[in-house]
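Okay, so here's the structure we're looking at.
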Number of protein chains: 2
Amino acid sequence: MKKSIAQRAQQERQTIVEGVHDQKRERILDVARELFFRQGFAGTTMADIVEQLGVTKPYVYYYFPSKNDLFETLCWQASHACLTAMHFDKDDPRTAVEKLHEGLHRFAAANIVHFKAGTFFYRESGVLRAPLQRKLRTLARRFYDELCELLEQGRQDGELDFDNTKLTALAIGSIAGFMYTWYRPDGRIGPEDMVGQLQNILLKIAGAKVPAAKRKGAGTKN
Amino acid sequence: MKKSIAQRAQQERQTIVEGVHDQKRERILDVARELFFRQGFAGTTMADIVEQLGVTKPYVYYYFPSKNDLFETLCWQASHACLTAMHFDKDDPRTAVEKLHEGLHRFAAANIVHFKAGTFFYRESGVLRAPLQRKLRTLARRFYDELCELLEQGRQDGELDFDNTKLTALAIGSIAGFMYTWYRPDGRIGPEDMVGQLQNILLKIAGAKVPAAKRKGAGTKN
DNA sequence: CCTACCGATCGGTAGG
DNA sequence: CCTACCGATCGGTAGG
């Protein structure tokens, strides 16, 4: 059944309204992310957020039921992106090291993109309510399980060299997790470059053989 | 001039009083450290602390002028211990790599001992007032400067292998700095063991040649 | 060193 | 009568 012109126009208006709604929601999230990042959850008041936005509190409360939900939304978005980086299809035909290469690249990239909200989970897990905390802990456990599995398989293949598996995985996670203290997008090393450099350091912790082509000055040294 | 018996006794009483004073102060710091670690600065109320201590608020305020001072005392103790680990005398005769070995061991050990308050500086720098923030930033800068110098000298000596110096130093700092999220003293790996394992990972990031004697299964491999 | 409080500021919501 | 808001103020609680 064909839609009438009136119906189409109505639907279009609806889409625009939804777009505006989402835009306003996103702007709130942007401001909140920045403030929570700089001042922490408890150190940021709703008054701070609405002041920065140039709106009133009910404006924000129309889009989010509470300060806590605002924080949890940001936390989930970022942590989900970072912690699913090491996930691969069961029937992915590649070797463990090939998958590790791609996984660590995705992990580094996700942490660069989400470096502000990416560590809310670690820094302020006390703020998160039990359900989200459980979901995130499950996600984190799976991330480390998958990473550990790739590490051990790669070592069996003779492609990796490290001592304690769990500790190696934690060291890899630590570098990404602590990045928020020093990485800035407008710093000396740009985001794209940083992803590659981080990936290399993470691979080094796993004791991966660095491809000759990727070595600095390879072939021209002495 | 000899002290009278009365003077000696007075001095002794004074010493005991000071000892008790310090003990009470330490107990407050212990409880506060634990709570700040678990709940963050703003998430911890003075009521939480006094309840845990079984005292009243004025009791704590007799020993510390403010909640902020309590936090800053803990922060300074821990960060100072961790960030001076890479300091050596100007006329220390050892090679850069020898110093790096010891420095990273000290750094790992300090971070293990102070793992609770060691990251207050990074996690909640917004809480610290300007003077302490400056002192700590200076300390951190010197730590990284000294670390970078050792790294570059070691590389020149042909003993180390890494790409970007600053990023390598930051990666080393990151592992220690993020440790608080996963290290627990009663975990599978004990404190002494953990220091050695951490040190090895940090040396690996710097691209140090691992002494054959330290390699797992060295000499018996194949 | 406690009981009893204070000025201020918090997250969240009322009516229109 | 709906939505998307505003000015004003709520009940509770923070540090001191």
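With the helix formula -39500 (n - 2.57) applied to DSSP H stretches of n ≥ 4, chain B reaches a computed 222 nm mean residue ellipticity of -21500 deg cm²/dmol. Residue-wise HN-Hα couplings along the stretch B:98-112, as the Karplus relation 6.51 cos²θ - 1.76 cosθ + 1.60 with θ = phi - 60° gives them from phi, are 4, 5, 4, 3, 5, x, 5, 5, 4, 4, 4, 5, 4, 5, 5 Hz; Gly and Pro carry x. Reported to the nearest whole Å, the Cα centre-to-centre distance from the stretch B:16-57 to the stretch A:106-124 is 32. On the principal axes of its alpha carbon atoms, the stretch B:22-133 extends 54, 28, 22 Å, with the longest extent given first. Taking the square roots of 5 times each eigenvalue of the Cα gyration tensor of chain B, largest first, gives ellipsoid semi-axes of 39, 22, 19 Å. Reducing the stretch B:133-166 and the stretch A:137-196 to their Cα centroids gives an inter-centroid distance of 22 Å. Between the helical axis of B:191-205 and the longest alpha-carbon principal axis of chain B there is an angle of about 40 degrees.
Placing a label point 7 Å from Cα along the Cα-to-Cβ direction at A:Gln156 gives distances to the equivalent points in the other copies of 4.7 nm, listed shortest first. Taking the C-alpha atoms only, the angle from helix B:5-39 to the longest principal axis of chain B is near 60 degrees. Rounded, prolate or oblate: which fits the protein assembly as shown when a ≥ b ≥ c are the square roots of the eigenvalues of the alpha-carbon gyration tensor, with rounded for a/c under 1.5 and prolate only if a/b beats b/c? Oblate, since a/c reaches 1.5 and b/c is not below a/b.
Every number here is computed from the coordinates shown, using simple stated rules; none is lab data. This structure is a prediction, so every number in the text was calculated from the model and none was measured. Cβ atoms come from the backbone with ideal geometry, glycine included; neighbour counts cover every protein chain shown.
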